[in-house]
Amino acid sequence: MSDLLPMSRQELGRLEIIQQVVKKQIKQRQAAERLHLSVRQIKRLKCAYQREGAQALVSKKRGRASNHQLDAALKPFATELLRTRYADFGPTLAHEKLTEDHHLALSVEVVRRWMIQAGLWHPKRAKTPVLHQLRERRARCGELVQIDGSPYDWFEGRAAGCTLLVYIDDATGRLMELWFAEAETTFSYFEATEHYALRHGKPLALYSDKLSVFRVNLPNDLSGTGTTQFTRAMKQLDIEVICANTPQAKGRVERVNQVLQDRLVKEMRLRSISSMAEGNAYVPEFIAKFNRRFAVVPRESEDAHRPLLPQDDLARILTVQELRVLSKNLTLNYHKVIYQIQTARPTYALRNAQVVVRENRRGEITIEYKGKPLPYTVYRRQARQGEVTPSKQLNLALDVLTQPSKSRKAYVPPLDHPWRRFRLAHNSKQPTSHPPG
């Protein structure tokens, strides 16, 4: 057994060729070409073989510790950090944290191997790739911005579940806007788009799914204008809204949602962020860090964003706007509420007049006639009937019912309400020492 000499496949091949050189079956130049070595190295190997035999061709590094091995105390220290602070982190994100926060000079593969040995990471079998038609990125930043909402338990139980609205540029892969909202609604997208426009300007187009916020999905819908409130507002800002036919078509924002559900959740956990307000205050810092790592350079350096114009009044444009026709009594119905127009001009001047009802995200109502607001009072609220609620807003609607603090306050008629005037006139016939109503 002592005569056995372990050799690698490469060393065995080298031994065979050197033996042919020694026996003068091939020339040294031919041996050098076969082994991809210099003639001088072949001469050295030949002399070593003649002096020591096959043992001379075995690597002298075999059995010796590597000169680049890590400190023996580093592995238990890093493993303890991974177990206590980053137990559910992936190897890539855990490597970033060990490098940035703890200044440990480790490679991703070393961290992956140590996590597998500690039972913190289980290798996953690579999925069979599904091939889709390749679409090249747009050439300029701001040409196409993919948008989507990601409902998720972003605060891991420290706060109620909410939705993150994501805006990502197609040309560069840069996160342009992140905004936490209760649900995917028209007003939440209005608010996020306002922050986007004030920070970056107006993009050429937004690429979204077929959510009812962006597209009228009712077949043969002959009522209304045929466009949603969000699409109407974007057209006023000269921003095109394009709806994707499949989730794969807007894969960039779909993939970044998965990255955010991993990285953003853990970053907020490390900072003890426990509310949407705190999350919205932190996301600019996260966006800057994310873009430094993952953004790419566009093919063209020109920015396609356009600045806001003086006529782009976001406070007016980013509102829900509906047309109404005043009745003979100068009343209109909006969302089961009857509004009474108050005017000093003759009532016949506004009969059958077409007015615009604007509602902002705070629920404030403005009624305009030819661009000028009209004073009004709330005349009567109708009984609420069963309303159609999109599935993505169902939880929000139920939260309003189960949490009375979120519901609207009971309506109190103003002093000049017709009902109060009737009571004043009725009670004035009988003397009383207390104020009526």
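The values are calculated or read from the model by the stated rules, or taken from the named source; none is laboratory data. Keep in mind that what you see is a predicted model, and the values were worked out from it rather than measured. No Cβ is skipped: glycine too gets one built from the backbone with ideal geometry, and neighbour counts run over all protein chains shown.
For the stretch 346-380, a residue qualifies if it is touching a helix residue (DSSP H, G or I) at 6+ places or on another chain (Cβ under 9 Å), closer than 17 Å to residue 329 by Cα and of a type in the set (Lys, Arg), and exactly one does: 380. Please determine whether any residue of the stretch 38-54 is within 30 Å of residue 4 (Cβ to Cβ), not in a helix (DSSP H, G or I) and not assigned by TED's automatic domain parsing to the domain that holds residue 269. So far as the stretch 38-54 goes, no, none of its residues is within 30 Å of residue 4 (Cβ to Cβ), not in a helix (DSSP H, G or I) and not assigned by TED's automatic domain parsing to the domain that holds residue 269. Kindly evaluate residue 253 against the criterion of being touching a Ser or Thr at 6+ places or on another chain (Cβ under 8 Å), aliphatic (A, V, I, L, M) and surrounded by 15 or more Cβ atoms within 10 Å (Cβ to Cβ). When the stated conditions are applied, residue 253 does not pass them. Contact map, the stretch 123-138: first residue more than 22 Å from residue 111 (Cα to Cα) and in a loop (DSSP other than H, G, I, E, B), second residue modelled with pLDDT of 80 or more and among the polar types (S, T, N, Q), Cβ cut-off under 7 Å, separation 6 or more or different chains; pairs are 132/248.
Each row is one residue, and each column tells you yes or no for (1) touching a strand residue (DSSP E or B) at 6+ places or on another chain (Cβ under 6 Å); (2) exposed (fewer than 15 other Cβ atoms within 10 Å of the Cβ); (3) closer than 20 Å to residue 282 by Cα.
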| site | (1), (2), (3) |
| --- | --- |
| 91 | no, no, no |
| 111 | no, no, no |
| 116 | no, yes, no |
| 125 | no, yes, no |
| 140 | no, no, no |
| 162 | yes, no, yes |
| 174 | no, no, yes |
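Could we say that residue 340 is in a strand (DSSP E or B), closer than 30 Å to residue 365 by Cα, not assigned by TED's automatic domain parsing to the domain that holds residue 232 and not small (Gly, Ala, Ser) here? Yes. For first residues located in the stretch 101-116 and under 14 Å from residue 69 (Cα atoms) and modelled with pLDDT under 90, partners that are loosely packed, with under 14 Cβ neighbours inside 10 Å and charged (D, E, K, R) and lie 6+ apart or on another chain with Cβ distances below 7 Å do not occur. Listed by first and then second residue, the pairs linking a residue in the stretch 1-23 that is closer than 16 Å to residue 52 by Cα to a residue that is not in a helix (DSSP H, G or I) and not charged (D, E, K, R), with Cβ atoms under 8 Å apart and 6 or more places separating them unless they lie on different chains, are 5/58; 6/58; 7/58; 11/58; 11/59; 15/7.
Taking the stretch 309-337 as the range and being hydroxyl-bearing (Ser, Thr, Tyr) and in a loop (DSSP other than H, G, I, E, B) as the test, the residues that pass are 319, 327.
Check off (1) on the phi > 0 side of the Ramachandran plot; (2) surrounded by 11 or more Cβ atoms within 10 Å (Cβ to Cβ) for residue 103 and give me the number that stays unchecked. Unmet for residue 103, out of (1) on the phi > 0 side of the Ramachandran plot; (2) surrounded by 11 or more Cβ atoms within 10 Å (Cβ to Cβ): (2). Here's a check for you: in the stretch 141-199, which residue that is in a helix (DSSP H, G or I) and of a type in the set (Phe, Trp, Tyr) is nearest to residue 246 (Cα to Cα)? Filtering first and then ranking leaves 189. One residue stands out among those in the stretch 121-156 that are out of contact with any Leu (no Cβ under 8 Å at 6 or more places or on another chain) and β-branched (Val, Ile, Thr): the one that is nearest to residue 93 (Cα to Cα), which is 128.
Return yes or no: is residue 235 part of a helix (DSSP H, G or I) and within 23 Å of residue 142 (Cβ to Cβ)? Spelling it out, residue 235 is indeed part of a helix (DSSP H, G or I) and within 23 Å of residue 142 (Cβ to Cβ).
For the stretch 83-119, taking the residues that are farther than 22 Å from residue 265 by Cβ and in a helix (DSSP H, G or I), the one that is farthest from the chain's Cα centre (by Cα) is identified as 117. Scanning the stretch 299-308 for residues that are farther than 16 Å from residue 235 by Cα and either assigned by TED's automatic domain parsing to the domain that holds residue 95 or not in a loop (DSSP other than H, G, I, E, B) (or both) yields one hit, 303. Within the stretch 1-22, the set of residues being of a type in the set (Asp, Glu) and part of a loop (DSSP other than H, G, I, E, B) comprises just one member, 3.
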